[in-house]
Amino acid sequence: MFLKNAWYCAGWDSDLGIGRDDLLVRRIAGRSILLYRKSNGEAVAMEDICPHRSAPLSLGRKEGDSIRCMYHGMRFASDGRCTEIPGMQNIPENARVTVLPVVEKNNWVWVWIGDPAKADPDLICFAIGPDEPGWKLKTNHIAIDTNYRQEIANLADLSHVSWVHGMTFGGTDDWGYIKPKHNMTPRGVETRYCVRNIPAPNFAKHLFPADARFDIQVHVRMSVPCNFILSFAVHEAGDATSGPTNGRLLLDTFSSQAVTPRDEGSVDYYFSWGTSEASYMPGIVDLMHAANAEAFHEDKRILEGQRRRMLEYPDAPQIDIIHDAGPHRMLWILDKLLEEEAAATVPEGLPG
Amino acid sequence: MTTAWIDVRVRERRIAAQDIVSLVLEAANGHPLPHFDAGAHIDLELPNGLIRQYSLCGSPSRSDRYELGILREPDGRGGSRSAHEQIHQGDIVRISSPRNLFRLVPARHAILLAGGIGITPILAMAERLHADGASFELHYCARSEGRAAFLDYLGVSPFAKCVHRHFDDRPDTALDTKGLLNHPDPQTHLYVCGPGGFIDHVINTADAAGWQESNVHFERFSAPRSDHSADDAFEVQIAGSGKVLTVRGDQTVIAALSAQGIEIPVSCEQGICGTCLMRVVDGIPDHRDMYLSDEEHAANDCFTPCCSRALTPRLIIQL
């Protein structure tokens, strides 16, 4: 089940070129979406299916701002209207491709798959993009075969850092003993906490004396469908035992992550990580970039294994533990919005 | 989210004693059943539509089967009669996941006291303590040998020498409760289950002997355990709004809020996951969760409205 009235990340703006062959297809929430740029650079998103005989428009060709289907030559303008059917003078009214609202923000391309009248750009989640002044961020992408609800559960509970990411972000059990308060927001949860007096993460251990200890100040903003915006500030270990750390700030890092369900069993995951310019040092962002890629393959391994078992044991009971408040709160919001949408939806009629 | 029911098949049904039937259940789909700890109970949906709670009396280390012991209560509301007369071997019935309000705590020694059908959770506790190599003694009181279920098993069980039998119709076997409880020790915990009068007698004796309340654990069979019909009503005021609502005895705080159109995120409904955690501005909660630590319970500044209640007539909560 996917939320319709939501912005879905379709990737980094750099994924979408303006070249002759730059016809990008993304599977988003069970739909195949064609993305391309018009001659003025503006992004277009439309359903990747010809209304005539369902050929993918992405197998067609760009003609100015239009797309020509290369099956029977029908040409569609960027607003979805058919403007030419070779050999036919009068164009049928219903020869039209569904066009989706598309917005570029923070170097991400966002697509709205619901009611276009409700496509409010203010609903796009807060993020810091790689072009944001004051930041040094590198971007990446991974595909994972899992349902996006399991991604939500993964991201809304960082206790798994101790266990899944032992070789990368982890190196201490302390993440497993955090009991954060998750505050509800209209479309997600917001969580702040400090992990105190922990050793350097394994990927950066060699940079510090063995007995160096740190406080990690975490601020997570999650929003539907599965956006995870993380401020991750590394401080010298302070002596505060509650509230924010009072240790000196060493490395101010930021990560913007958007998980887009392709369908029930797979997701595209677009993410960045890096430091503020003030705490940047040569080499650090590349090191973080490599560690992040490795860590998300650790997630991929466990999530895809979990997915296999869930398919094998569809009725397996799922017990709750103390770390499930974040996942449940985030999924509760998602389910509430899904229910509201289902209640408001009249039975589907003709498309468009 | 409501209780997820599990379909189970009745693998065995046998008469365990006069008026007591024992059922062995296995998952209808052949998968393992959820793990449980000694003292846990399940809801059983009876053929006549009633839902009743029964303790799991089998070994907690087995996930392929659950075992129940059900006493026929002629004066009841028909639950036990339905269980006795309408459930047959091979039938499919529905149960809830196990819940536990009667847990073992680590201690140097445990005294288990069962009265009649109260043997069911006590038996699981004995299994667990034996498996853990822990020191314990089990005292089983019944009206007569013929009314005591699981006697055969207790006789051949690997912990047979820890079991003491006491029958009302054989005064020479009578339990000397006072003598048994005469030496309270912070490292000894007492677990009691059975009819109300039996529990009251044991608790009062322990109290008089100077037992600490935290070392005495009991579960009453007379009142249903997982609903709140035995609980008192109380009021909840929503901070900032002045809005006051009543939480009925048979209702959770979540349900009372929901009835007023106030939806709170909730998941496990057993105080495990903390999803529903809520700030308490005033009043003292009756904490029934496992999410908060003892320290957090003592602070009384938050509670889990899915299962916890109030010790004061009114709680003021922050939404």
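The values are calculated or read from the model by the stated rules, or taken from the named source; none is laboratory data. Since the model is a prediction, treat every value here as computed from it, not as a measurement. Here the Cβ is made from the backbone with ideal geometry for all residues, glycine too, and neighbour counts use every protein chain on show. We work out accessible area using only protein heavy atoms, side chains counted, and drop any ligands, DNA or RNA first. Shrake-Rupley method; radii C 1.70, N 1.55, O 1.52, S 1.80 Å.
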Members of region A:139-189 found to be open to solvent by 50 Å² or more (accessible area, probe 1.4 Å) and either charged (D, E, K, R) or within 14 Å of chain B (Cβ to nearest Cβ) (or both), listed by number: A:Asp145, A:Arg149, A:Asp173, A:Asp174, A:Tyr177, A:Lys179, A:Lys181, A:Asn183, A:Met184, A:Pro186, A:Arg187
Filter pass, A:Asp48 being acidic (Asp, Glu), under 30 Å from A:Leu338 (Cβ atoms) and touching a residue at least 60 places away in the same chain (Cβ under 8 Å): no
Those helices (runs of 4 or more DSSP H) lying entirely in region B:115-196 with at least 1 residues under 15 Å from B:Ile20 (Cβ atoms): B:119-131, B:151-156
Flag for A:Asp268 being within 14 Å of chain B (Cβ to nearest Cβ) and either of a type in the set (D, E, K, R) or under 19 Å from the mean Cα position of the chain (by Cα) (or both): no
Test result for B:Ala255, away from chain A (no Cβ under 14 Å), under 30 Å from B:Trp5 (Cα atoms), open to solvent by less than 50 Å² (accessible area, probe 1.4 Å) and out of contact with any Phe, Trp or Tyr (no Cβ under 6 Å at 6 or more places or on another chain): yes
Flag if B:Ser96 is over 30 Å from B:Thr177 (Cβ atoms), within 14 Å of another protein chain (Cβ to nearest Cβ), touching a residue at least 24 places away in the same chain (Cβ under 8 Å) and open to solvent by 10 Å² or more (accessible area, probe 1.4 Å): no
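Which of the residues belonging to region A:274-285 are part of a helix (DSSP H, G or I) and touching a residue at least 60 places away in the same chain (Cβ under 8 Å)?
Listed by number, the list holds a single entry, A:Val285.
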B:Ile117 vs. criteria open to solvent by 20 Å² or more (accessible area, probe 1.4 Å) and either over 18 Å from the mean Cα position of the chain (by Cα) or under 17 Å from B:Ala16 (Cα atoms) (or both): yes
Test for A:Ala342: is it free of Cβ contacts under 8 Å to residues at least 40 places away in the same chain and either within 14 Å of chain B (Cβ to nearest Cβ) or farther than 29 Å from A:Pro201 by Cβ (or both): yes
Candidate set: region B:9-43, residues that are open to solvent by 70 Å² or more (accessible area, probe 1.4 Å) and either in a loop (DSSP other than H, G, I, E, B) or of a type in the set (A, V, I, L, M) (or both); chosen: the one nearest to the other protein chains (Cβ to nearest Cβ): B:Asn29
Region B:271-282, subset assigned to a loop (DSSP other than H, G, I, E, B) and more than 8 Å from every other protein chain (Cβ to nearest Cβ), residue surrounded by the most Cβ atoms within 10 Å (Cβ to Cβ): B:Cys276
Test: residue in region A:218-228 that is free of Cβ contacts under 8 Å to residues at least 60 places away in the same chain, polar (S, T, N, Q) and in a strand (DSSP E or B): no
Region A:286-328, residues that are open to solvent by 80 Å² or more (accessible area, probe 1.4 Å) and outside any helix (DSSP H, G or I): A:Tyr313, A:Pro314, A:Asp315, A:Gln318, A:Ile319, A:Ile321
Options A:Met70, A:Met88; residue that is open to solvent by 50 Å² or more (accessible area, probe 1.4 Å), farther than 21 Å from A:Arg262 by Cβ, touching a Leu at 6+ places or on another chain (Cβ under 6 Å) and without any contact (Cβ under 8 Å) to a residue 40 or more places away in the chain: A:Met70
Selected residue (criterion: most open to solvent (accessible area, probe 1.4 Å)) from residues of region B:204-213 that are in a helix (DSSP H, G or I) and within 22 Å of B:Pro106 (Cβ to Cβ): B:Glu213
